[in-house]
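Reviewing the structure listed below.
Each value in this text was obtained by applying a stated rule to the coordinates, not by laboratory testing. Everything quoted here is computed from the prediction, not taken from an experiment. Please note: Cβ atoms are built from the backbone with ideal geometry, for glycine as well, and neighbour counts cover all protein chains shown.
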Amino acid sequence: MTIPRPALKRMATLVRVLARLAGNPQYQAVVAPLVPPPARLDPGHAAVMMGYDFHLSPDGPRLIEVNTNAGGILPAWLAGHPGAPVPEPLQKRLRATFAAEMQAHSRGVLRKPRRIAIIDETPPQQFLYPEMQLFAELFQAWGVAAAVVDPAELTASADGVHLGGERIDLVYNRHCDFYLETSPLAGLLAAYQAGTVCLTPNPFSYALLADKRRMVQWRDDQLLAACGLGEAERELLGECVPESRLLTAADREQLWRERDEWVFKPVDRFGSRGVLVGEKMTRGRFEQLEAPTTLVQRLVPPALTEVSGYGPMKTDIRLYAYRERVLGVTARLYRGQVTNLRTAGGGFAAVRIG
């Protein structure tokens, strides 16, 4: 599909504004009481492969959500260039982010990781397992030992993280237990808190940018002004972030009457899992929504892309970023209520800038 250049520029500007906001001490102080203890620890580095997901509306791009373990950048490039290797410039851009993380974590002692573990829950069962393998090959070509593993394969404690007896310098976290709250990640949590491993992405970055509840703060003009955002930056957030609030702050009866105008998102699940479009929801399902963990967001219908042989498909745009720098952009094509990666003719797709 083709993205208008002005829309891409606006999305990239929003990414930079949010990255700067995440580094603001006053904003961090506001977020800290709202998140679990592991997410209050600043590890001294950022998060690789941030993903910012947009819908393109007639009035411009609208930010739907942010992810800290965003996948798809390599499959999307390969989809647009079948049979071609991942180009060296893209490889260099990606490697540079991992090098920067390692340098920040080690305070300059290590120029790049010596060993990387790419983790997810039962990786071979994940849809994007082939991409994780591509990342491992990318690291190996860099002279860095790398493996894709389940956290259970690691030996982890406050003393560090090891795989097969070898110390792991950096863990590339594709796991969706974002706050490291489950028992399989207890050892990794201990290592993260002790500073004996570079974990990226990490709970601190997730809390500041990818926890869906932050979208409520991004609509708070007074808070944003207190955090030092200028008028133009606040206006950009006000226009690009759809109206969002927790269900606890809503009049449920009025919301039910207006349900066609809203999307309901569980804040404790990732991606599109559990997301409900109001017009498709039954009264019984509506009553089951847990108010403290449901984000209510103004519906922004996705644009449509004509796919040869498959017809029109709904389209999301994802920008990949490291800190304030955009690394790449992809489209996700799908049918149904929310994004999925299994629609025939859909999935990640390359984009053109028009």
- Additional length obtainable on full extension of the chain from residue 26 to residue 290, 0.36 nm per residue less Cα span: 92.1 nm
- Between beta-carbons, use under 14 Å as the cut-off and find the net charge around residue 347, counting Lys and Arg +1, Asp and Glu -1. +3
- Ranked from highest to lowest mean number of other Cβ atoms within 10 Å per residue, what is the order of the peptides 76-87, 343-354, 280-291? 343-354, 76-87, 280-291
- Stretchable slack from residue 223 to residue 324, in nm (0.36 nm times residue separation minus alpha-carbon distance): 34.2 nm
- Please state, as a whole number in µm²/s, the translational diffusion coefficient that the Stokes-Einstein equation yields for the chain at 10 °C and 1.306 mPa s, with Rh defined as the Kirkwood radius across alpha carbon pairs. 75 µm²/s
- Write down the percent of antiparallel bridges among all DSSP beta bridges whose residues are both part of the chain, to the nearest 5. 75 percent
- Message: For the chain, what does the helix formula give at 222 nm: sum of -39500 (n - 2.57) over DSSP H segments with n ≥ 4, over the residue count, nearest 500 deg cm²/dmol?
- Response: -8500 deg cm²/dmol
- Farthest towards the positive end of the dipole of the chain, among 184, 291, 238 and with Cβ unit charges of +1 on Lys and Arg and -1 on Asp and Glu, lies the Cα of 238
- Item | the range 144-162 residues near the modelled residue 109 label - backbone nitrogen below 15 Å, point 7 Å along Cα→Cβ | 159-161
- Query: Once fully extended, how much extra length lies between residue 232 and residue 137, figured as 0.36 nm per residue of separation less the alpha-carbon to alpha-carbon distance?
  - Reply: 29.9 nm
- Note on the structure: Taking 224-231, 171-178, 306-313 and ranking on average Cβ neighbours within 10 Å, highest first, one gets 171-178, 224-231, 306-313
